[in-house]
Amino acid sequence: RHSALNLGRWQQALDLANEIANVERRRGASAHETARTRFGSYGPLLALGRPADAEQVLRECQEVFETVNDITMLAKVFSARADLEGGRDHRQDALALQRTALRLHYVSPEPRSVVGLHHNLANYLVHPAGTSAEPRAHRLAAALLCHVIAAPHTLTQALLARATELRLAPHGLSSPAPPAPPS
């Protein structure tokens, strides 16, 4: 399944994920274990142009993860749902879901995942007017985390993204003007 995913063979990856889930059910796996397997179907479903099916899988997985209180997988589901809504150009929904994913990830943090969530949230926050400092704050948080967890390649990517932002719109992304000095 992982090989099919890496090769972009979406239908094959989906078929293999379904077969794995069926084998798990036949051997009496828990709903939680099967949901973890089914979660991996969302990406291939999106790639195959089946967003409604992807959403259904994510909602079913969310229900199971909420029942067993699997915060890490819930965070992944909310991030995936944000990705789905972002693809539908539902920016506000994507933002709300990504913020929820980030909050959940901080409960049981996986530093590398938190880096990605900060980066994704910054992407959803970028507005054509470019006046908010919030995207920059999330990109800098991602870069700082990369430094702390010693992920030099990811740190380089985060810093390059930030430099590109500044180069493309140095004034459009500016913060409010500093207060005037007292007279």
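Each reported figure results from applying straightforward, stated rules to the coordinates on display, with no laboratory input. All figures in this text were calculated on a predicted structure; none of them were measured in a lab. Counting neighbours? That spans all protein chains shown, and the Cβs are built from the backbone with ideal geometry, glycine included.
Which of rounded, prolate or oblate describes segment 6-84 when judged by the alpha-carbon gyration tensor and an a/c cut-off of 1.5?
Details: a/c = 2.13, a/b = 1.12, b/c = 1.90.
Since a/c reaches 1.5 but b/c is at least a/b, the shape of segment 6-84 is classed as oblate.
Our summary gives segment 1-86 a relative contact order of 24 percent, counting only alpha carbon pairs under 8 angstrom and 6 or more residues apart. If a/c stays under 1.5 just call it rounded; otherwise compare a/b with b/c (prolate if a/b is bigger, oblate if not). Do that for segment 34-121, with a ≥ b ≥ c from the square roots of the Cα gyration tensor eigenvalues. Oblate, because a/c is 1.5 or more while a/b does not exceed b/c.
The dipole here belongs to segment 1-139: it is taken about the Cα centre, uses +1 on the Cβ of Lys and Arg and -1 on the Cβ of Asp and Glu, and is about 280 debye. Distance between the modelled labels on S30 and D53, one decimal in nanometres: 2.9 nm (7 Å Cα→Cβ projection).
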